[in-house]
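Scroll down for the structure; my scribbles are underneath it.
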Amino acid sequence: MITLYTFGPYFGLPDGSPFVTKAMLLLKLAGLAYAEDRGGYGRAPKGKLPYINDDGVLIADSTFIRFHIEKKYGFDFDAGLDPAQKATGWAVERMCEDHLNWAMIAARWVDEANFAKGPAHFFDAVPLPIRPIVRSLVRRKVRSSLIAHGFGRHAEAEAFVLAKRDIDALATLLGDKAFLMGKTPCAADATAFAFIAHLLSPTFNAPIRTAAERHANLVAYRDKIMRLYFPAFA
């Protein structure tokens, strides 16, 4: 049995992290049963979630979880795709994870109202006397990461311009197709769905959510995958 280490459901979504949500969908697409463990963050091999325990073998990072599934179980997420489609899928994943993700982090962790409604609840299990201290320290670390990456150096309006281009690109690539590359989901769909679902979460009021909502195909795509693979959240 595979154990997937998660944060747990937040914001009306299967998990509070798009990367964990991606790993969940990868496992579902591959037809692999798994159990969730919400207490593994402190033992995470790379200090982040997700990671899996597959018969005693620990695999950290959602992309390396994909590679592990492909190697051990012989499942080809990109079966039937030509080299150009595979390259496009990889570019979509990198755009979402290494660029659009920072816009989402800023919208959730920097904006006071969104932080109070969202990430602040990640600390609800911390004992009350030290909860404000831990919450403040982690938030400060996140803000420092935004600055170190460079995305946090942009003004809010500038950051939105960049994020909107990502969102518009996703909508254009999807077009009127059922999935990114056609009639069946591929590896990039796990990433795209995770980020689109998180962008559209009604918990957060942000320009990037409004920008995503304006694309009917992104909303329909989110709804379809949610019904197919996460019906409890549809």
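On full extension, the segment bounded by N217 and A116 gains 33.4 nm, given 0.36 nm per residue less the C-alpha separation. Over segment 1-106, Cα pairs under 8 Å with separation of 6+ residues give a relative contact order of 25 percent. For K48, the aspartates and glutamates whose Cα falls under 17 Å of its own Cα, not counting residues fewer than eight places away in the same chain, are D15, E36, D37, D61, E97, D98.
Dimensions of segment 162-204 based on its C-alpha atoms, expressed as ranges along the principal axes with the largest first, amount to 31, 19, 16 Å.
Each Cα pair under 8 Å and six or more residues apart adds its sequence gap; the mean of these over the residue count of the chain is a relative contact order of 23 percent.
Given the pairs K71/K183; K141/K224; K71/K177; K46/K224; K28/K164; K71/K164, which are separated by over 26 angstrom at their Cα positions? The answer is K141/K224; K71/K177; K46/K224; K28/K164; K71/K164. Consider a paramagnetic label point 7 Å from the Cα of R153 along Cα→Cβ; state which residues of segment 75-104 have an amide N under 17 Å from it. Hits in segment 75-104 for R153 at 17 Å: 99, 102-103.
Summed over qualifying helices (DSSP H, 4 residues or more, each -39500 (n - 2.57)) and divided by its residue number, the chain shows a 222 nm mean residue ellipticity of -16500 deg cm²/dmol.
Rg ratio for the chain: its Cα radius of gyration over 2.2 N^0.38 Å, N being its residue count, equals 1.00. Projecting label points 7 angstrom from Cα along Cα→Cβ for V161 and F67 puts them 3.6 nm apart. Rounded to the nearest 5, the antiparallel percentage of DSSP beta bridges internal to the chain is 70%. Positive contributions from Lys and Arg (+1) and negative ones from Asp and Glu (-1), summed over other residues with Cβ under 12 Å from the Cβ of T3, come out at -2. Specify which residue in the list C186, G8, A212 is farthest towards the positive end of the charge dipole of the chain, using unit charges on the beta carbon of Lys, Arg (+1) and Asp, Glu (-1), about the Cα centre. Looking along the dipole axis, the top candidate is G8.
In the distance distribution for segment 1-125, Cα-Cα pairs more than 21 Å apart total 45 percent.
A short reminder: the numbers here are calculations on the coordinates, not readings from a lab. All of these numbers come straight from a predicted model, not from anything done at the bench. All Cβ positions, even for glycine, are placed from backbone atoms using ideal geometry, and neighbour counts span all protein chains on display.
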